[in-house]
Amino acid sequence: MQDNAYATSDKMTMGSDTGQRTPSLPDSVTVKVVQLPEGADFPIEQHPWGQFVYPRAGVIELTVKSNRYAAPPDFGVWLPPGTEHVARADGETSYFVLDIDADLCTRLPQRASVLSVGAIAKAIFLDLQKRQVRKPQSPEDVRLMEVLIDQLSVSAPVDSFLPMSSDAALRKVLEALCKNPGDSRTLVEWARYVHSTERTLARRCTRDLGMTFLEWRQRLRLSRAFAMLADGLAVQVVAQKLGYGTTSAFIAMFQKTIGTTPNAFRAQVRDSAELG
(Lines give C-alpha, C1' and ligand atoms only; values in the text may rest on other atoms or scores of the structure.)
Protein backbone atom coordinates (compact mmCIF):
# COMPACT_ATOMS: atom_id res chain seq x y z
CA MET A 1 0.00 0.00 0.00
CA GLN A 2 1.26 3.41 -0.90
CA ASP A 3 2.99 5.53 1.74
CA ASN A 4 3.26 9.08 0.44
CA ALA A 5 5.70 9.94 3.21
CA TYR A 6 8.11 7.19 2.13
CA ALA A 7 11.27 8.50 0.54
CA THR A 8 14.19 6.53 -0.81
CA SER A 9 17.67 7.51 0.27
CA ASP A 10 21.01 7.68 -1.52
CA LYS A 11 22.92 7.02 1.70
CA MET A 12 24.99 3.86 1.35
CA THR A 13 27.42 1.91 3.52
CA MET A 14 30.30 -0.33 2.53
CA GLY A 15 29.87 -4.06 3.12
CA SER A 16 32.60 -5.14 5.55
CA ASP A 17 33.40 -8.43 3.80
CA THR A 18 32.75 -7.94 0.09
CA GLY A 19 33.32 -4.24 -0.34
CA GLN A 20 29.95 -3.99 -2.07
CA ARG A 21 27.72 -0.99 -1.38
CA THR A 22 24.47 -1.86 0.38
CA PRO A 23 21.62 0.31 1.65
CA SER A 24 21.95 1.66 5.18
CA LEU A 25 19.23 -0.03 7.25
CA PRO A 26 17.85 3.15 8.93
CA ASP A 27 17.17 4.64 5.50
CA SER A 28 15.93 1.41 3.97
CA VAL A 29 13.24 0.25 6.40
CA THR A 30 10.22 2.14 7.73
CA VAL A 31 7.30 1.07 9.88
CA LYS A 32 4.03 2.84 10.59
CA VAL A 33 0.50 2.25 11.83
CA VAL A 34 -2.37 3.08 9.48
CA GLN A 35 -5.97 3.65 10.60
CA LEU A 36 -8.71 3.20 8.00
CA PRO A 37 -12.41 4.10 8.21
CA GLU A 38 -15.05 1.58 7.21
CA GLY A 39 -15.30 0.88 3.48
CA ALA A 40 -11.98 2.51 2.56
CA ASP A 41 -10.76 1.86 -0.98
CA PHE A 42 -7.42 2.45 -2.67
CA PRO A 43 -6.42 2.78 -6.31
CA ILE A 44 -4.15 0.20 -7.96
CA GLU A 45 -0.67 0.60 -6.49
CA GLN A 46 2.84 -0.57 -7.23
CA HIS A 47 6.11 0.45 -5.62
CA PRO A 48 9.78 -0.55 -5.92
CA TRP A 49 10.16 -1.65 -2.28
CA GLY A 50 8.79 -4.68 -0.49
CA GLN A 51 5.87 -4.25 1.89
CA PHE A 52 4.49 -6.32 4.77
CA VAL A 53 0.93 -5.48 5.91
CA TYR A 54 0.06 -6.77 9.38
CA PRO A 55 -3.47 -6.06 10.70
CA ARG A 56 -3.84 -5.06 14.36
CA ALA A 57 -7.62 -4.76 14.30
CA GLY A 58 -10.06 -5.59 11.54
CA VAL A 59 -9.12 -7.15 8.22
CA ILE A 60 -7.31 -5.56 5.30
CA GLU A 61 -7.79 -7.32 1.97
CA LEU A 62 -5.27 -7.04 -0.84
CA THR A 63 -5.96 -8.27 -4.35
CA VAL A 64 -3.03 -9.32 -6.51
CA LYS A 65 -4.07 -10.38 -10.01
CA SER A 66 -6.90 -12.86 -9.37
CA ASN A 67 -5.96 -13.69 -5.77
CA ARG A 68 -7.44 -11.96 -2.76
CA TYR A 69 -5.28 -12.01 0.36
CA ALA A 70 -6.93 -11.50 3.75
CA ALA A 71 -4.76 -12.13 6.78
CA PRO A 72 -6.31 -13.97 9.73
CA PRO A 73 -5.02 -13.36 13.29
CA ASP A 74 -1.24 -13.64 13.71
CA PHE A 75 -0.67 -13.39 9.95
CA GLY A 76 0.19 -10.59 7.55
CA VAL A 77 0.37 -10.11 3.78
CA TRP A 78 3.75 -9.86 2.06
CA LEU A 79 4.07 -7.93 -1.21
CA PRO A 80 7.42 -8.28 -3.03
CA PRO A 81 8.88 -5.21 -4.75
CA GLY A 82 6.98 -4.27 -7.90
CA THR A 83 3.79 -6.15 -6.97
CA GLU A 84 0.70 -4.45 -8.40
CA HIS A 85 -2.12 -4.63 -5.87
CA VAL A 86 -5.45 -3.18 -4.75
CA ALA A 87 -6.41 -2.81 -1.10
CA ARG A 88 -9.78 -2.61 0.62
CA ALA A 89 -11.03 -2.54 4.20
CA ASP A 90 -14.69 -3.42 4.73
CA GLY A 91 -14.66 -2.44 8.40
CA GLU A 92 -12.70 0.01 10.50
CA THR A 93 -9.15 -1.29 10.30
CA SER A 94 -5.80 -0.66 11.93
CA TYR A 95 -2.63 -2.23 10.61
CA PHE A 96 1.16 -2.02 10.54
CA VAL A 97 2.97 -1.37 7.28
CA LEU A 98 6.62 -2.38 7.05
CA ASP A 99 8.38 -1.00 3.96
CA ILE A 100 11.64 -2.76 3.09
CA ASP A 101 14.19 -1.68 0.48
CA ALA A 102 14.31 -4.14 -2.44
CA ASP A 103 17.94 -5.01 -1.70
CA LEU A 104 16.90 -6.31 1.72
CA CYS A 105 14.11 -8.53 0.35
CA THR A 106 16.22 -11.29 -1.17
CA ARG A 107 15.42 -13.83 1.57
CA LEU A 108 11.70 -13.04 1.59
CA PRO A 109 9.20 -14.79 -0.76
CA GLN A 110 9.35 -13.77 -4.40
CA ARG A 111 5.56 -13.77 -4.76
CA ALA A 112 2.70 -12.26 -2.78
CA SER A 113 1.84 -14.50 0.15
CA VAL A 114 0.54 -14.68 3.68
CA LEU A 115 3.23 -14.95 6.38
CA SER A 116 2.79 -15.89 10.02
CA VAL A 117 3.76 -13.32 12.66
CA GLY A 118 5.37 -15.10 15.59
CA ALA A 119 5.70 -13.89 19.15
CA ILE A 120 9.10 -12.24 18.57
CA ALA A 121 7.99 -10.32 15.46
CA LYS A 122 4.74 -9.29 17.12
CA ALA A 123 6.60 -7.98 20.18
CA ILE A 124 8.92 -5.94 17.96
CA PHE A 125 6.01 -4.41 16.03
CA LEU A 126 4.27 -3.43 19.28
CA ASP A 127 7.47 -2.06 20.81
CA LEU A 128 8.26 0.09 17.77
CA GLN A 129 4.71 1.42 17.77
CA LYS A 130 4.69 2.17 21.48
CA ARG A 131 7.92 4.17 21.14
CA GLN A 132 6.71 5.71 17.84
CA VAL A 133 9.80 4.56 15.98
CA ARG A 134 9.26 5.03 12.26
CA LYS A 135 12.87 4.62 11.16
CA PRO A 136 15.57 3.05 13.35
CA GLN A 137 18.14 5.57 14.48
CA SER A 138 19.89 3.88 17.38
CA PRO A 139 22.05 0.74 17.06
CA GLU A 140 19.51 -1.08 19.22
CA ASP A 141 16.64 -0.25 16.86
CA VAL A 142 18.74 -1.20 13.84
CA ARG A 143 19.23 -4.64 15.39
CA LEU A 144 15.49 -4.88 16.13
CA MET A 145 14.67 -4.20 12.48
CA GLU A 146 17.21 -6.78 11.38
CA VAL A 147 15.64 -9.35 13.70
CA LEU A 148 12.16 -8.43 12.43
CA ILE A 149 13.17 -9.02 8.81
CA ASP A 150 14.89 -12.27 9.83
CA GLN A 151 11.73 -13.46 11.59
CA LEU A 152 9.60 -12.77 8.52
CA SER A 153 12.11 -14.39 6.18
CA VAL A 154 11.97 -17.73 8.04
CA SER A 155 8.17 -17.75 8.14
CA ALA A 156 6.77 -20.37 5.77
CA PRO A 157 4.50 -18.65 3.21
CA VAL A 158 0.84 -19.65 3.27
CA ASP A 159 -1.29 -19.89 0.14
CA SER A 160 -3.75 -17.08 -0.46
CA PHE A 161 -6.24 -17.08 2.40
CA LEU A 162 -9.08 -16.05 0.11
CA PRO A 163 -8.25 -16.81 -3.55
CA MET A 164 -10.40 -15.53 -6.41
CA SER A 165 -11.15 -16.87 -9.89
CA SER A 166 -10.92 -15.33 -13.33
CA ASP A 167 -13.75 -17.59 -14.56
CA ALA A 168 -16.69 -15.31 -15.38
CA ALA A 169 -19.43 -17.43 -13.78
CA LEU A 170 -17.55 -18.39 -10.63
CA ARG A 171 -16.17 -14.90 -10.16
CA LYS A 172 -19.72 -13.50 -10.28
CA VAL A 173 -20.68 -15.84 -7.43
CA LEU A 174 -17.59 -15.01 -5.36
CA GLU A 175 -17.97 -11.26 -5.78
CA ALA A 176 -21.64 -11.45 -4.78
CA LEU A 177 -20.66 -13.31 -1.64
CA CYS A 178 -17.93 -10.78 -0.86
CA LYS A 179 -20.63 -8.09 -0.88
CA ASN A 180 -22.97 -10.21 1.24
CA PRO A 181 -21.11 -13.01 3.09
CA GLY A 182 -24.33 -13.91 4.93
CA ASP A 183 -25.93 -15.15 1.70
CA SER A 184 -26.55 -18.84 2.39
CA ARG A 185 -27.61 -19.97 -1.06
CA THR A 186 -26.42 -23.45 -1.98
CA LEU A 187 -24.10 -24.14 -4.88
CA VAL A 188 -27.11 -25.47 -6.80
CA GLU A 189 -28.90 -22.14 -6.33
CA TRP A 190 -25.81 -20.17 -7.28
CA ALA A 191 -25.43 -22.30 -10.41
CA ARG A 192 -28.94 -21.35 -11.49
CA TYR A 193 -28.13 -17.69 -10.75
CA VAL A 194 -25.16 -17.70 -13.16
CA HIS A 195 -26.80 -20.07 -15.70
CA SER A 196 -24.40 -22.90 -14.99
CA THR A 197 -24.53 -26.28 -13.26
CA GLU A 198 -23.53 -27.34 -9.76
CA ARG A 199 -21.02 -29.80 -11.17
CA THR A 200 -19.37 -27.16 -13.35
CA LEU A 201 -19.06 -24.65 -10.52
CA ALA A 202 -17.77 -27.31 -8.12
CA ARG A 203 -15.09 -28.33 -10.63
CA ARG A 204 -14.04 -24.70 -11.15
CA CYS A 205 -13.81 -24.15 -7.39
CA THR A 206 -11.39 -27.03 -7.10
CA ARG A 207 -9.42 -25.87 -10.14
CA ASP A 208 -9.21 -22.14 -9.40
CA LEU A 209 -9.56 -21.92 -5.61
CA GLY A 210 -7.94 -25.15 -4.51
CA MET A 211 -10.87 -25.85 -2.19
CA THR A 212 -14.59 -26.54 -2.21
CA PHE A 213 -17.25 -23.85 -2.41
CA LEU A 214 -18.22 -24.38 1.24
CA GLU A 215 -14.59 -24.13 2.38
CA TRP A 216 -14.13 -20.86 0.48
CA ARG A 217 -17.34 -19.38 1.89
CA GLN A 218 -16.27 -20.31 5.42
CA ARG A 219 -12.95 -18.54 4.90
CA LEU A 220 -14.79 -15.47 3.65
CA ARG A 221 -17.09 -15.47 6.67
CA LEU A 222 -14.15 -15.99 8.97
CA SER A 223 -12.31 -12.99 7.56
CA ARG A 224 -15.45 -10.86 8.00
CA ALA A 225 -15.89 -12.19 11.53
CA PHE A 226 -12.40 -10.97 12.45
CA ALA A 227 -13.32 -7.42 11.42
CA MET A 228 -16.75 -7.43 13.08
CA LEU A 229 -15.46 -8.81 16.38
CA ALA A 230 -12.58 -6.34 16.35
CA ASP A 231 -15.15 -3.56 15.92
CA GLY A 232 -16.87 -4.76 19.09
CA LEU A 233 -20.01 -6.32 17.60
CA ALA A 234 -21.77 -8.88 19.77
CA VAL A 235 -21.13 -12.51 18.85
CA GLN A 236 -24.86 -13.03 18.22
CA VAL A 237 -24.94 -10.09 15.79
CA VAL A 238 -21.88 -11.37 13.93
CA ALA A 239 -23.44 -14.83 13.62
CA GLN A 240 -26.64 -13.36 12.18
CA LYS A 241 -24.84 -11.10 9.72
CA LEU A 242 -22.78 -14.04 8.46
CA GLY A 243 -25.76 -16.27 7.83
CA TYR A 244 -25.43 -18.74 10.69
CA GLY A 245 -28.70 -20.26 11.87
CA THR A 246 -27.61 -20.20 15.51
CA THR A 247 -24.96 -18.38 17.52
CA SER A 248 -23.66 -21.70 18.83
CA ALA A 249 -23.00 -22.91 15.26
CA PHE A 250 -20.90 -19.81 14.59
CA ILE A 251 -18.99 -20.19 17.87
CA ALA A 252 -18.27 -23.85 17.11
CA MET A 253 -16.92 -23.01 13.63
CA PHE A 254 -14.79 -20.16 14.94
CA GLN A 255 -13.30 -22.18 17.79
CA LYS A 256 -12.60 -25.20 15.60
CA THR A 257 -10.85 -23.05 12.98
CA ILE A 258 -9.02 -20.50 15.12
CA GLY A 259 -8.59 -22.44 18.34
CA THR A 260 -10.27 -19.83 20.52
CA THR A 261 -13.77 -18.46 21.08
CA PRO A 262 -15.03 -15.28 19.40
CA ASN A 263 -15.16 -13.50 22.77
CA ALA A 264 -11.60 -14.51 23.60
CA PHE A 265 -10.43 -13.32 20.17
CA ARG A 266 -12.15 -9.96 20.66
CA ALA A 267 -10.51 -9.57 24.08
CA GLN A 268 -7.12 -10.34 22.56
CA VAL A 269 -7.61 -7.64 19.91
CA ARG A 270 -8.68 -5.15 22.57
CA ASP A 271 -5.65 -5.93 24.74
CA SER A 272 -3.30 -5.52 21.76
CA ALA A 273 -4.84 -2.13 20.94
CA GLU A 274 -4.44 -0.98 24.56
CA LEU A 275 -0.78 -2.03 24.53
CA GLY A 276 -0.35 0.19 21.47
Would you calculate the volume per residue, in Å³, of the smallest convex hull containing every Cα atom of the range 130-186?
174 Å³
Quote the accessible area belonging to His47 in square angstrom, nearest 10, computed with a 1.4 Å probe and with ligands, DNA and RNA left uncounted.
10 Å²
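Tell me, what % of the accessible area of the range 83-186 is carbon and sulfur with a 1.4 angstrom probe? Let's see the in-between values first.
Values: 2490 of 4790 Å².
Heavy-atom surface of the range 83-186 belonging to carbon and sulfur, 1.4 Å probe: 52 percent.
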Can you work out D for the range 225-267 in µm² s⁻¹ from Stokes-Einstein, where Rh is the Kirkwood radius over C-alpha pairs, the temperature is 25 °C and the viscosity is 0.890 mPa s?
246 µm²/s
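Which of Lys172/Lys256; Lys179/Lys241; Lys32/Lys179; Lys65/Lys172 have a Cα-Cα distance over 20 Å? Please report the intermediate quantities before stating the final value.
Working: Lys172/Lys256 29 Å; Lys179/Lys241 12 Å; Lys32/Lys179 29 Å; Lys65/Lys172 16 Å.
In this structure, Lys172/Lys256; Lys32/Lys179 exceed 20 Å between Cα atoms.
Looking at the range 64-209 only, what percent of DSSP beta bridges run antiparallel? Nearest 5 please. Let's see the in-between values first.
Details: 8 of 8 bridges.
Once the DSSP bridges in the range 64-209 are tallied, antiparallel ones form about 100 percent.
By average Cβ neighbour count within 10 Å, what is the ranking of 138-146, 218-226 from highest down?
218-226, 138-146
The values are calculated or read from the model by the stated rules, or taken from the named source; none is laboratory data. The structure presented is a predicted model; accordingly, all values stated were derived computationally and were not measured. Glycine gets a Cβ as well: all are built from the backbone with ideal geometry, and neighbour counts include every protein chain shown. Protein only, heavy atoms only, side chains kept; ligands, DNA and RNA dropped before computing areas. Shrake-Rupley method; radii C 1.70, N 1.55, O 1.52, S 1.80 Å.
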